[in-house]
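Below is one structure, written out as structure tokens, with a few remarks after it.
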Amino acid sequence: MAARKAASKPNVSAEELKGYYRDMLLIRRFEEKAGQLYGMGLIGGFCHLYIGQEAVVVGLEAAAEEGDKRITSYRDHGHMLACGMDPNGVMAELTGREGGYSKGKGGSMHMFSKEKHFYGGHGIVAAQVPLGAGLAFADKYLENGRVTFTYFGDGAANQGQVYESYNMAELWDLPVVFVIENNQYAMGTSTKRSTKSPSYWERGAAYGIPGEEVDGMDVLAVKAAGEKAVAHCRAGKGPYILEIKTYRYRGHSMSDPAKYRTREEVQKMRDERDPIEAVRSMLLTGKHASEDDLKAIDKEIKEIVNASAEFAKESPEPHLDELWTDIYADAAPQNA
Amino acid sequence: MATEILMPALSPTMEEGTLAKWLVKEGDTVSSGDIMAEIETDKATMEFEAVDEGIVGKILIAEGTEGVKVNTPIAILVEEGEEVGDVSATPAPAAEAPAAEAPAPTAVAAAPAAPQVDLTPDWPEGTAMKEQTVREALRDAMAEEMRADDTVFLMGEEVAEYQGAYKVSQGLLDEFGAKRVIDTPITEHGFAGIGVGAAFGGLRPIVEFMTFNFAMQAIDQIINSAAKTLYMSGGQMGAPMVFRGPNGAAARVGAQHSQDYAAWYMQVPGLKVVMPYSASDAKGLMKTAIRDPNPVIFLENEILYGRTFDVPDMDDFTVPFGKARIWREGDDVTIVSFGIGMQYALEAADKLAEDGISAEVIDLRTLRPMDTSTILNSVMKTNRCVTVEEGWPQGSVGNYISSVIMQQAFDYLDAPVINCTGKDVPMPYAANLEKHALITTAEVIEAVKQVTYR
Ligand SMILES: Cc1ncc(C[n+]2csc(CCOP(=O)(O)OP(=O)(O)O)c2C)c(N)n1
Ligand SMILES: [Mg+2]
């Protein structure tokens with residue numbers, strides 16, 4: 001049942017490949033900028049950067065259709081950009097301003113977009129897993145053919161609610177793709193120190209859920225696996241697990257002394273497995289793009305990111321009255 | 001163009017730090033990701049990486065310098081062939097965030113006017129009544145709302161085939177089928193979360209906890225996910241749903257199955273909290289709860305399930321939130337209660353009447369929103385108040401009511417408010433001890449005599 005071998009690489013057009021390059025680069029540059037703004041004191045509290053993991057969300061978004069949903073943890077900036085949310089609104093939420101997706105009331109870890117079917121941004125490790133299964137429950141109930149991508153980390157993968165959700169998701173054939181972003185660390189705890197069964201996707205077998213391990217530094221492999229998982233869900237066969245092996249280059253949050261791994265380990269990943277470099281060289285060696293084409297993309301991204309930082313600085317702080325709004329919904333149903 | 005490198009904030013609380021060590025020197029070429037320096041923060045020593053590419057033109061702060069404020073320029077990065085002098089005038093560091101003005105404490109008027117109270121009756125005069133148990137009333141409320149709205153469904157342990165652990169969902173599976181009346185595994189945290197997610201996704205779940213004691217497994221989802229999402233999303237999405245089940249002591253089930261959670265949930269902005277006593281309130285409030293676009297905690301009571309009350313025989317009977325019910329009018333003392341506490345309050349009022357003490361008895365029905373106007377209005381008339389509840393004394397619902405009365409009707413009080421509560425102990429198993437742990441009618445009578453100085 002459980003397929004171990006990742007599907008072979010799909011054929012993608014040069015345009016698609018360039019698109020993935022662009023989307024991954026947007027996330028990376030955006031996160032670097034967020035790191036800078038944090039350093040300047042414009043972003044406060046916790047701020048978890050996605051640098052290194054870009055291929056996961058970009059690959060899976062390439063497998064999604066309009067109307068599909070996504071939900072994730074606090075490490076959420078990449079997911080939001082990948083599903084098409086406006087960098088200005090995301091950055092302004094990071095700076096806690098009126099122009100942010102949650103009017104400055106959510107912050108880095110709690111952002112949402114009804115329009116883009118992005119259901120957050122959740123600060124409690126693994127709480128989003130049953131929530132994602134619940135979104136899929138609603139989709140199945142409403143018979144709308146949608147699929148929900150429920151992302152969580154290797155650390156979250158040891159929480160009890162994950163297995164409660166697996167059981168119910170399979171029991172009720174919910175159209176949910178459980179995406180384990182295995183970046184090998186939960187804060188300072190490596191997977192080796194948190195479990196003796198490090199193959200997380202295999203745990204699904206106990207509930208009858210198929211799954212596979214995916215190379216998360218290869219955007220095309222992620223896309224191929226995503227398509228397979230989505231097809232499984234849309235066919236009414238229930239959930240699917242993707243354990244995506246990835247790596248975060250930066251600290252867990254901004255204040256991470258990084259003593260749990262060596263600089264060499266991080267540098268090796270960057271030098272040998274960087275997902276953006278991989279696509280870049282694919283584009284160049286395959287002559288799908290010239291250096292100039294890529295420079296133009298770099299420039300466009302830089303402008304978008306700088307504009308988002310400007311917007312996030314210029315956008316006013318929320319009005320004090322906002323303190324008292326959005327506590328209760330009015331009689332008109334929120335989710336109608 | 002030359003750029004200044006600023007002293008970074010490396011933790012949520014860092015305001016200044018020590019520039020422990022430079023790992024680059026003037027003239028070195030750096031690229032993004034290279035470590036430039038070691039900085040000691042209030043928490044740890046951290047490596048500071050370059051974000052931009054360039055050549056270290058000048059080091060402005062020597063290593064070993066302590067107390068370097070965040071955002072102070074510490075070095076200048078230049079491009080090839082560029083002079084340090086080219087550095088553009090840097091904008092002043094981000095101005096101090098304007099101090100948020102704390103909302104002024106509500107002014108306390110010396111003798112406030114009597115508050116507005118909603119006195120409209122719950123049902124029109126002359127409405128035919130029928131006798132029903134609380135259990136039947138709850139079932140009918142759910143069934144009526146499920147008929148009216150396809151997105152309403154019930155999930156929980158034993159709600160479907162078994163017909164409900166306390167038979168509250170009797171007959172619902174037959175009428176609505178397994179798609180809408182769903183047996184879950186014993187996984188409160190998981191299914192509460194699935195319920196919240198389904199609410200995000202456009203449904204109106206009713207999540208039954210076999211008892212609220214087990215909702216402690218799920219309280220993270222109830223509070224962090226259901227109650228707060230509307231706020232955290234800036235009003236974009238929330239969880240229109242009901243969490244319901246029996247709350248408080250049943251009989252002889254011991255410490256882990258007898259807790260009253262009224263005061264816990266009442267504390268949470270974003271939740272609405274209902275705790276009915278009668279069957280008509282159970283029905284009318286349940287229908288309102290299912291229609292409410294917010295997460296509602298609906299606290300039932302196992303002992304009350306079997307009690308019979310008159311329920312108006314109407315097509316669509318609802319009771320609004322935030323409106324207390326005056327069960328009995330009186331002049332000498334106000335007794336405020338809710339849920340099963342009403343049983344003691346009403347019994348006490350009957351006995352007190354024999355002694356010539358006239359008690360006004362108020363049933364709050366909903367704890368959040370709470371109809372404090374009705375309480376204040378009554379206290380302004382009786383000048384005395386006793387609260388009655390089954391839960392623990394410290395941080396009780398009565399404590400909150402007392403503070404409201406003290407702040408808004410202090411000058412009307414002729415005696416301190418007394419809070420009658422359950423005893424400050426886990427529920428014992430032994431029958432005699434259990435009886436003492438619970439609030440008793442005798443204690444309510446005693447409290448009333450104290451505040452009326454009889
Ligand atoms: C229930 C809960 N426990 C602990 C925390 C503190 N915490 C935040 S992130 C984290 C590590 C999670 O690691 P992982 O799931 O691997 O995700 P990653 O950060 O690697 O993306 C911890 C322990 C929390 N937020 N919630
Ligand atoms: Mg991790």
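The values are calculated or read from the model by the stated rules, or taken from the named source; none is laboratory data. For clarity, every value in this text was computed on a predicted model and none was experimentally measured. Methodologically, a virtual Cβ is constructed for each residue, glycine included, from the backbone with ideal geometry; neighbour enumeration extends over all protein chains shown. When the accessible area is computed, the model is the full protein with side chains, heavy atoms only, and any ligands, DNA or RNA have been set aside. Shrake-Rupley method; radii C 1.70, N 1.55, O 1.52, S 1.80 Å.
Before moving on, here are some points about what is shown:
- Qualifying positions in the range B:218-252 - assigned to a loop (DSSP other than H, G, I, E, B), in contact (Cβ under 8 Å) with a residue 12 or more places away in the chain and either in the same structural domain as B:PRO428 (by TED's automatic domain parsing) or of a type outside the set (Lys, Arg) (or both): B:MET237, B:GLY238, B:ALA239, B:PRO240, B:ASN247, B:GLY248, B:ALA249, B:ALA250, B:ALA251
- Checked against (1) under 21 Å from B:ASP331 (Cβ atoms); (2) touching a Leu at 6+ places or on another chain (Cβ under 7 Å), B:ARG365 passes all but a single condition, namely (1).
- Strands (runs of 3 or more DSSP E) completely within the range B:289-341 that count 3 or more residues being under 20 Å from B:ASP140 (Cα atoms) and out of contact with any Lys or Arg (no Cβ under 6 Å at 6 or more places or on another chain): B:295-300, B:308-312
- Residue that is least open to solvent (accessible area, probe 1.4 Å) [pool: residues in the range A:250-265 that are part of a loop (DSSP other than H, G, I, E, B), away from ligand 2 (no atom under 15 Å from the Cβ) and without any contact (Cβ under 8 Å) to a residue 12 or more places away in the chain]: A:SER255
- Residue that is farthest from A:ILE276 (Cα to Cα) [pool: residues in the range A:178-234 that are among the polar types (S, T, N, Q) and within 11 Å of ligand 2 (Cβ to nearest atom)]: A:SER194
- Flag if A:SER108 is on the phi < 0 side of the Ramachandran plot, of a type in the set (Gly, Ala, Ser), touching a residue at least 12 places away in the same chain (Cβ under 8 Å) and in a loop (DSSP other than H, G, I, E, B): yes
- Residues within the range A:49-94 that are in contact with a helix residue (DSSP H, G or I) (Cβ under 8 Å, 6 or more places away or on another chain) and under 14 Å from A:ASN183 (Cα atoms), tallied: 10
- Looking at B:ALA353, B:ALA348, just one residue is small (Gly, Ala, Ser), part of a helix (DSSP H, G or I), open to solvent by less than 30 Å² (accessible area, probe 1.4 Å) and modelled with pLDDT of 95 or more, and that residue is B:ALA348.
- Residues in the range A:126-165 that are more than 10 Å from chain B (Cβ to nearest Cβ) and within 15 Å of ligand 2 (Cβ to nearest atom) were compared, and the one that is surrounded by the most Cβ atoms within 10 Å (Cβ to Cβ) is A:PHE152.
- With respect to the stated conditions, A:ILE276 fails to be away from chain B (no Cβ under 13 Å), within 24 Å of B:ASP34 (Cβ to Cβ) and assigned to a helix (DSSP H, G or I).
- Odd one out for A:PHE46 among (1) assigned to a helix (DSSP H, G or I); (2) of a type in the set (Phe, Trp, Tyr); (3) surrounded by fewer than 23 Cβ atoms within 10 Å (Cβ to Cβ): (1)
- Single residue of B:PHE200, B:PHE243 found to be more than 13 Å from chain A (Cβ to nearest Cβ) and either at pLDDT 95 or above or open to solvent by less than 10 Å² (accessible area, probe 1.4 Å) (or both): B:PHE243
- Any hit, the range A:7-20, residues being within 14 Å of chain B (Cβ to nearest Cβ), at negative phi and away from ligand 1 (no atom under 16 Å from the Cβ): no
- The set of residues from the range A:121-154 being under 15 Å from the mean Cα position of the chain (by Cα) and not in a helix (DSSP H, G or I) comprises A:GLY121, A:HIS122, A:GLY123, A:VAL125, A:ALA126, A:THR148, A:PHE149, A:THR150, A:TYR151, A:PHE152, A:GLY153, A:ASP154.
- Among the residues listed as B:LEU10, B:LEU23, the single one being out of contact with any Cys (no Cβ under 8 Å at 6 or more places or on another chain) and more than 9 Å from chain A (Cβ to nearest Cβ): B:LEU23
- Looking at B:LEU304, B:LEU285, B:LEU230, just one residue is modelled with pLDDT of 95 or more, surrounded by 24 or more Cβ atoms within 10 Å (Cβ to Cβ) and closer than 24 Å to B:THR387 by Cβ, and that residue is B:LEU285.
- Unique residue being open to solvent by 40 Å² or more (accessible area, probe 1.4 Å) and closer than 19 Å to B:SER225 by Cβ when the list is A:MET168, A:MET109: A:MET109
- The number of residues in the range A:200-224 being assigned to a helix (DSSP H, G or I) and within 20 Å of A:MET269 (Cβ to Cβ) comes to 5.
- Within the range A:227-249, considering residues that are in a loop (DSSP other than H, G, I, E, B), farther than 20 Å from A:VAL129 by Cβ and more than 13 Å from ligand 1 (Cβ to nearest atom), the one nearest to the other protein chains (Cβ to nearest Cβ): A:GLY236
- In the range A:174-212, the residues that are over 15 Å from A:LYS245 (Cβ atoms), touching an Asp or Glu at 6+ places or on another chain (Cβ under 9 Å), away from ligand 1 (no atom under 16 Å from the Cβ) and open to solvent by 20 Å² or more (accessible area, probe 1.4 Å): A:TYR207, A:GLY208
- Within the range A:84-106, being charged (D, E, K, R) and either under 10 Å from B:SER233 (Cα atoms) or open to solvent by less than 10 Å² (accessible area, probe 1.4 Å) (or both) holds for A:GLU93, A:LYS103, A:LYS105.
- Test: residue in the range A:69-88 that is over 25 Å from A:HIS252 (Cα atoms) and within 14 Å of chain B (Cβ to nearest Cβ): yes
- Pair list, Cβ < 7 Å and 6+ apart or interchain, from the range B:282-307 residues that are in the same structural domain as B:TYR231 (by TED's automatic domain parsing) to residues that are basic (Lys, Arg) and open to solvent by less than 10 Å² (accessible area, probe 1.4 Å): B:LEU285/B:ARG365; B:PHE298/B:ARG244; B:GLU300/B:ARG244
- Qualifying residue in the range A:80-95 (condition: over 17 Å from the mean Cα position of the chain (by Cα) and part of a loop (DSSP other than H, G, I, E, B)): yes
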